[in-house]
Amino acid sequence: SFAPVGNIGWTVFVGRDRRSILLSGFIDDIQVTAIAFLLFLSSASFLAYLRKQLTTQEILGRLRVEKELQASEARFRELFDNMSSGVAVYKAINDGEDFIISDFNEAGQRITHVYTDFIGKSVCEVFPGVKPSGLFEIFQQVWKTGKTGYYPSFLYADDRLTFWVENYIYKVPSGEIVAVFDDVTEHKQSEDRIMRQSRLLKSTNDVFSETLTADSEEAVAKTYRNSTRLNYIH
């Protein structure tokens, strides 16, 4: 490159050889590359940090959820094992043709006198009277419709067990059905005693009333015989 100097007729020339020019451009390229590389490293480091933070938060969230689930399961198990009512959990197989026992709480074991070797077995095997009693049909209805069922007190009987029982059956989101049942034998026996006492009291009152209004001893005796026969039948 060159340029004239004022009016003195001189000219100033400035020259650079090719190597210096190429070297200057190469240095510029190195600087640009270095800056770009540093920017890349900074971005990558930031993204890695951000990803690590998100992963850490996700892991902590999972741990928190798992901890809450474990606490909830522990509360459920505590309630399940300490309920006064029997609770049995059944899993349907073969499209509801049969139900196997998934779980059975301590009260249920105590009521039915079944303490071991029941998990994974068919309800019909453990309780042979479930089909004749009609309870098995309620299991199927609840499993198919999802609607809660109630089976009032009935006399369950098989070769091993006889007792009066009532059941509430409902379906849970897992697809299993849960039967909550109570032994109402004592209550049923109390009802029967009260009914017998009521009939006996009524018969006694009838005899006294007939005694007061009867025209003869034969009429009184006939009333007594009839009331005694009715009480015996009941």
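The values are calculated or read from the model by the stated rules, or taken from the named source; none is laboratory data. Quick caveat, the model's predicted, so the values are computed rather than measured. Cβ: placed from backbone, ideal geometry, glycine included. Neighbour counts: every protein chain shown. Calculation scope for accessible area: heavy atoms of the full protein, side chains included, ligands and nucleic acids excluded. Shrake-Rupley method; radii C 1.70, N 1.55, O 1.52, S 1.80 Å.
The table below gives the values:
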| item | result |
| --- | --- |
| Test: residue in the range 27-36 that is loosely packed, with under 10 Cβ neighbours inside 10 Å, modelled with pLDDT of 75 or more and among the polar types (S, T, N, Q) | no |
| Of all residues in the range 166-175 being surrounded by 17 or more Cβ atoms within 10 Å (Cβ to Cβ) and in contact (Cβ under 8 Å) with a residue 24 or more places away in the chain, the one that is nearest to HIS113 (Cα to Cα) | ASN167 |
| Matching entry among ARG193, ARG160 (being at pLDDT 60 or above and in contact with a His (Cβ under 8 Å, 6 or more places away or on another chain)) | ARG160 |
| Any hit, the range 74-96, residues being out of contact with any Leu (no Cβ under 7 Å at 6 or more places or on another chain), surrounded by 10 or more Cβ atoms within 10 Å (Cβ to Cβ), over 30 Å from LEU161 (Cα atoms) and at pLDDT below 90 | yes |
| Single unsatisfied condition, ARG160 versus (1) within 30 Å of the chain's Cα centre (by Cα); (2) more than 15 Å from VAL87 (Cα to Cα) | (1) |
| Flag for GLU66 being part of a helix (DSSP H, G or I) and at pLDDT below 80 | yes |
| Qualifying residue in the range 10-25 (condition: open to solvent by 100 Å² or more (accessible area, probe 1.4 Å), part of a helix (DSSP H, G or I), at pLDDT 80 or above and among the charged types (D, E, K, R)) | no |
| Residue list for the range 105-131, restricted to those being hydrophobic (A, V, I, L, M, F, W, C) and open to solvent by 10 Å² or more (accessible area, probe 1.4 Å) | ILE111, VAL114, PHE118, ILE119, CYS124, VAL126, PHE127 |
| Every residue from the range 142-153 that is out of contact with any Phe, Trp or Tyr (no Cβ under 7 Å at 6 or more places or on another chain) and open to solvent by less than 100 Å² (accessible area, probe 1.4 Å) | TRP143, THR145, GLY146, GLY149, TYR151, PRO152 |
